[in-house]
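All remarks here apply to the structure that follows.
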Amino acid sequence: MRLLTHFMLAMTIMPLALAPQASAQEDSTSHMITYIEVIPAAKAQAATLLKELAAASKQDAGLLRFEVLERTAPSNQLVIVEGWKDEAALTAHAASAHAKQFRDKMQPHLIAPIDDRLSIVTTASPIAAAAGAGLYVVTHVDVAPPNRDKIIVALKALADPTRKDKGNVRYDVLQQKNRTNHFTVVEAWTDQAANDAHEIAAHTKEFRATLGPLTGALYDQRWNKPL
């Protein structure tokens, strides 16, 4: 009887002992990927507004990363990559005067509405400035909902060898909160040559072969440079 009592007590305590470890592994950071498409003739004005926003946002509490990128072609397509300590910090930033003013001033220059994608981390490089990054690749990966878990495994499998590729500065996979089968991959490279070598590497080809039958849309890969 005493042995049974000890066994039941151990079974009760075990989940409590494991809980803190699982909690410590959770990533509470919040990320926003924002796509902006402006009138080609207004690109210079849009660039100025984005640089002003970046400078002001770097003073906001909880900021981890704020990068503004310009697509190599067409160059009137821009993207903001933000990382915040948590969703509360991101929400406070979005409610700030400089964030609201940016949206108001950008409005006349837009071809389409600003596209915000609130995301959480699937796998990410350590938060740090992307020093030495001359090229960014931002890729939208969309799979059919039943294939979500399979593509998470494949994206994580691609992450480690990619981070070891020569010239890689960063490799992050972010999962959209409202559409959990949609992912954004943000890569930073020293230059185009480093990225070209990665594109033909065995681990990249293996990932693309895995993605093929799972995908729900075209593989939307966009090359960018820092603005």
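The angle separating the long axis of helix 202-211 from the principal Cα axis of greatest extent in the chain is about 80 degrees. Shown is the FRET efficiency for Ala197 and Tyr219, computed with R0 = 22 Å from the Cβ-Cβ distance and rounded to the nearest 0.05: 0.70. With K and R counted +1 and D and E -1, the other residues having a Cβ less than 14 Å from that of Ser75 yield a net charge of +2. Here the simple spin-label model places points 7 Å from the Cα toward Cβ, and for His98 and Asp149 these points are separated by 4.3 nm. Please state the shape class of segment 30-226: rounded when a/c is under 1.5, otherwise prolate if a/b exceeds b/c and oblate if not, all from the C-alpha gyration tensor. It comes out prolate by the Cα gyration axes.
For segment 179-227, what class follows from the C-alpha gyration tensor (a ≥ b ≥ c being the square roots of its eigenvalues): rounded when a/c is under 1.5, otherwise prolate if a/b is larger than b/c, else oblate? It is oblate, given that a/c is not under 1.5 and a/b is not larger than b/c.
The 3J(HN,Hα) values that the Karplus relation (6.51, -1.76, 1.60; θ = phi - 60°) gives for segment 89-94 are, in residue order, 5, 5, 4, 5, 4, 4 Hz. Gly and Pro appear as x.
The angle between the Cα long axis of helix 2-24 and the main principal axis of the chain comes to about 10°, on a 0 to 90 degree scale.
Evaluating 6.51 cos²θ - 1.76 cosθ + 1.60 at θ = phi - 60° for every residue in segment 62-79, the Karplus couplings come out as x, 6, 10, 7, 9, 10, 10, 10, 10, 5, 5, 6, x, 7, 8, 9, 10, 9 Hz, glycine and proline recorded as x. Derived scalar couplings between HN and Hα for segment 113-123 equal x, 4, 10, 9, 10, 5, 9, 10, 7, 8, 7 Hz in order, rounded to whole Hz, by the Karplus curve 6.51 cos²θ - 1.76 cosθ + 1.60 (θ = phi - 60°), x for Gly and Pro. With the cut-off at 1.5 for a/c, could you classify segment 131-207 from its C-alpha gyration tensor as rounded, prolate or oblate? Here segment 131-207 falls in the prolate category.
Amide H to amide H distances under 5 Å link Asp86 with Ser30, where only residues 5 or more positions off or on other chains count and H is placed in the peptide plane. Any chance you could give the angle, 0 to 90 degrees and rounded to 10, that helix 148-164 forms with the longest Cα principal axis of the chain? Tilt of helix 148-164: around 70 degrees.
Take the Cβ-Cβ distance between Gln45 and Thr204 as r, set R0 to 35 Å, and report the resulting FRET efficiency rounded to the nearest 0.05. Calculated transfer efficiency: 0.40. The gain in end-to-end length when the Val121 to Lys166 segment is fully stretched comes to 13.8 nm, 0.36 nm per residue minus the alpha carbon separation. Under 5 Å between amide hydrogens, built in the peptide plane, is the criterion, and for Thr122 it picks out Val173, Leu174, Gln175 among residues at least 5 positions away or on other chains. Helical content alone sets the calculated 222 nm signal of the chain at -12500 deg cm²/dmol, taking -39,500 (n - 2.57) per DSSP H segment of four or more residues and averaging over every residue. Projected label points at Ala73 and Ala157, each 7 Å from Cα along the beta carbon direction, are separated by 3.4 nanometres. A Förster radius of 25 Å, combined with the Cβ-Cβ distance separating Leu63 from Thr180, puts the computed FRET efficiency at roughly 0.50. Residues of segment 25-58 falling in the label zone of Asp86, defined by backbone nitrogen less than 16 Å from a point 7 Å along Cα to beta-carbon, are 25-31.
Rule-based calculations on the coordinates, nothing more; no lab input. Nothing here was measured: the structure is a model prediction, and the numbers come from that model. Glycine also receives a Cβ, built like all others from the backbone with ideal geometry; neighbour counts cover every protein chain displayed.
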